[in-house]
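Scroll down for the structure; my scribbles are underneath it.
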Amino acid sequence: MDWLDKELGYIKSHKPYKRPDKVYDFHKLDSNENIVLEKRFIKAIALKSLRENDLREYPIKQFEELFKKLADYTDLSIRNIGVGSGSDQIMDLLLSTIGKGRSIITLNPTFSYFTDRCNLYKIPTKQIDLSNLDNSFDVELFIKKAKEYDIIYIASPNNPTGNQFKLDEILNIIESLKDKLIIIDEAYVEFAEYNLSNTVTKYNNVIVMRTFSKAFGLAGARIGYLLTNEELADTFNQYIQLPYPLSSFSMQLAIEVLVNIHKVKRSIQIIKKERSKIFERLNKMNQIKIFESHSNFFFIQTFDHFDKIKNSMMSEKILIKNFGNFGNYQGAMRITIGNTEVNDKIISIFEKSGN
Ligand SMILES: Cc1ncc(COP(=O)(O)O)c(C=O)c1O
């Protein structure tokens, strides 16, 4: 079939998504999951969720409770919320429906799944480079350029650079581009300086994306949500999203983790403390450049020390994300913050690499 061959050929002309390699006895610090949150806590709520749900039935009653809990957590109304199977799925749906035929402007580097998905849907995408000195960008220039595009995507904090842009800069973008759709991806917001959930009631052109995969320690359960104005949230829930995008089990897990939010908050405190320690130590080193992080991972340029550090991480069984030479960054690596023991090992690998 000619048309099908052509379509498959087009799809396959893109880079396929490669899941990280499966590893067994490594410290898994390559995907920014919350490894500090106790495994037995997640196991306990998973067992409770299994006990309390009848998987023979479609998930109905869990929706209402999850929306209520999310409304409490975000201090918004249930009418401002939409849920999905991870924020990946929500982004995909938004791009393939309201994004179709539009154009997008974002930063470089940013969350690559998002720009890959734009390419798949043939959405022209412009990326403005961040400075390799401090991961900032020229906001006035960005606003000027953004006037030529329909949709703006900003990850706040940004992945892979880990920084959150200045609040007044992002507010300036929102305030200056009221006739554009602005997607703010807050996957790592629980580790950050500020969140923008209140912009969705103040402006009718903002979508804030969130996930349970990072701070909440539930990457395996695939739970994401969006916050936006009531009309867009309703359209998303009733027309765009699948009837049952989440299993009753996953929804119950999200409910349980919100009930026990103090445990999540405790792990965030630990991660932030570790973050300060790692930054302080690695920032003293001249042979590498560690960037300030407002998330649960670090972005580091290792220049000529890349191979040595990469190999030492492997021999210590620490799995990290190795970018190498990447845009304007040299020997770039992204490392999730883990528990104290592994973080100290990482610091020592870096400190030894200079000798
Ligand atoms: C900025 C950003 N947004 C979204 C996601 C995807 O989150 P989810 O697991 O909810 O699909 C990630 C995961 O790495 C991310 O870094």
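We did not get these values from a lab; they are worked out from the coordinates using the rules stated. Note that the structure is predicted; figures quoted are calculated from it, not measured. Quick reminder, even Gly has a Cβ in these numbers, built from the backbone with ideal geometry, and neighbours come from all protein chains shown.
Structure notes:
- Counting neighbouring beta carbons within 10 Å and listing from fewest to most, the residues 106, 74 come out as 74, 106.
- Local net charge near residue 258, Cβ-Cβ under 9 Å (Lys/Arg +1, Asp/Glu -1): -1
- For the chain, the mean residue ellipticity at 222 nm estimated from helices alone is -12500 deg cm²/dmol, where every DSSP H run of n ≥ 4 contributes -39500 (n - 2.57) and the total is divided by all residues, rounded to the nearest 500.
- Selection of chymotrypsin sites (Phe, Trp or Tyr not before Pro), region 149-207, meeting DSSP coil and at most 10 other Cβ within 10 Å: none
- Theoretical gain in end-to-end length, residue 347 to residue 39 [0.36 nm per residue, Cα-Cα removed]: 108.5 nm
- Loop-located trypsin sites (Lys or Arg not before Pro) in region 259-298, at most 10 other Cβ atoms within 10 Å (DSSP): 284
- Of the beta bridges in region 53-259, as assigned by DSSP with both residues counted there, near 35 percent are antiparallel.
- Among 24, 17, 244, the order by Cβ neighbours within 10 angstrom, fewest to most, reads 24, 17, 244.
- Most fluctuating residue given options 109, 243, 157, as computed from a GNM of the chain linking Cα atoms under 10 Å: 243
- Gaussian network model of the chain, springs between alpha carbon atoms under 10 Å - residue of 255, 60, 335 with greatest fluctuation: 60
- C-alpha center-to-center spacing [region 179-198, region 278-304] in angstrom: 24
- DSSP-defined beta bridges in region 156-290 - what % are antiparallel, rounded to 5: 50
- Sites residue 52 and residue 171 - FRET efficiency at Förster radius 45 Å, r taken between beta-carbons, to 0.05: 0.60
- Here is the list for region 135-172: GluC sites (Glu not before Pro) lying in DSSP coil, each with at most 16 other C-beta atoms within 10 angstrom of its C-beta, are 148.
- Counted over the chain, the DSSP beta bridges are approximately 50% antiparallel.
- Once divided by 2.2 N^0.38 Å, the Cα radius of gyration of the chain becomes 1.01.
- Put in line by how crowded their Cβ is, counting other Cβ atoms within 10 Å and starting with the fewest, 209, 1 read 1, 209.
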